[in-house]
1. Name the residues in the range 76-109 that are among the charged types (D, E, K, R), closer than 17 Å to residue 15 by Cβ, under 16 Å from the mean Cα position of the chain (by Cα) and assigned to a helix (DSSP H, G or I), would you?
2. Taking residue 104 and the conditions (1) under 24 Å from residue 3 (Cβ atoms); (2) touching a helix residue (DSSP H, G or I) at 6+ places or on another chain (Cβ under 9 Å), which numbered condition does it fall short on, given that it satisfies the others?
3. Looking at 12, 58, 2, 7, which one is buried (at least 22 other Cβ atoms within 10 Å of the Cβ) and on the phi < 0 side of the Ramachandran plot?
4. Take the range 91-107 and flag every residue that is touching a residue at least 12 places away in the same chain (Cβ under 8 Å) and surrounded by 11 or more Cβ atoms within 10 Å (Cβ to Cβ).
5. Inspect the range 26-43 for any residue being surrounded by fewer than 19 Cβ atoms within 10 Å (Cβ to Cβ), farther than 20 Å from residue 4 by Cα and not hydrophobic (A, V, I, L, M, F, W, C) and give the result as yes or no.
6. Pairs under 9 Å by beta carbon, first residue within 18 Å of residue 101 (Cα to Cα) and free of Cβ contacts under 8 Å to residues at least 60 places away in the same chain in the range 34-57, partner surrounded by fewer than 18 Cβ atoms within 10 Å (Cβ to Cβ) and acidic (Asp, Glu), six or more apart or different chains?
7. Quick one: in the range 61-75, which of the residues that are exposed (fewer than 15 other Cβ atoms within 10 Å of the Cβ) and assigned to a helix (DSSP H, G or I) is modelled with the lowest pLDDT?
8. For residues in the range 17-42 being among the β-branched types (Val, Ile, Thr) and not in a helix (DSSP H, G or I), which is farthest from residue 54 (Cα to Cα)?
Amino acid sequence: MRPNELRDAAFRRVILSIPKGSIATYGQVAAAAGYPLYHRAVARLLRTVPAGSLPWQRVVGAGGEIRLPGASGAEQRMRLQMEGVAFRGKRADLTAHQHVFRIWELEGF
């Protein structure tokens, strides 16, 4: 397996571990996967995976910001609200819904 494939597999495991009703930032996902400076690689992965393969809506920008433009951002907000995530203005409420990663609970680590 190539290094990028290993990294992306680690990102997938971390994203799949985020429970319904919880959110994490791109940076938190990258750090939990062991790649703390690769938040852009998390975003790139989420743009390229087949629809329905990952709970992409649970990954948000720093401070709970939805980073997707237009209709995609509206869909992310709607999906999160359907899962019970509250918003403060344009940002998801990280204080109430931020997932805390426990590295020892992630498969493959």
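The values are calculated or read from the model by the stated rules, or taken from the named source; none is laboratory data. Keep in mind it's a predicted model, so treat the numbers as computed, not measured. Cβ placement follows ideal geometry from the backbone for every residue including glycine, while neighbour counts extend to all protein chains displayed.
1. 79
2. (2)
3. Result: 58 is the single residue among 12, 58, 2, 7 that is buried (at least 22 other Cβ atoms within 10 Å of the Cβ) and on the phi < 0 side of the Ramachandran plot.
4. Answer for the range 91-107, where residues must be touching a residue at least 12 places away in the same chain (Cβ under 8 Å) and surrounded by 11 or more Cβ atoms within 10 Å (Cβ to Cβ): 91, 92, 93, 94, 97, 98, 99, 101, 103, 106.
5. no
6. Between residues of the range 34-57 that are within 18 Å of residue 101 (Cα to Cα) and free of Cβ contacts under 8 Å to residues at least 60 places away in the same chain and residues that are surrounded by fewer than 18 Cβ atoms within 10 Å (Cβ to Cβ) and acidic (Asp, Glu), the close pairs are 55/83; 57/75; 57/83.
7. Once the filter is applied, the top-ranked residue is 70.
8. Restricting to residues being among the β-branched types (Val, Ile, Thr) and not in a helix (DSSP H, G or I), the top hit is 25.
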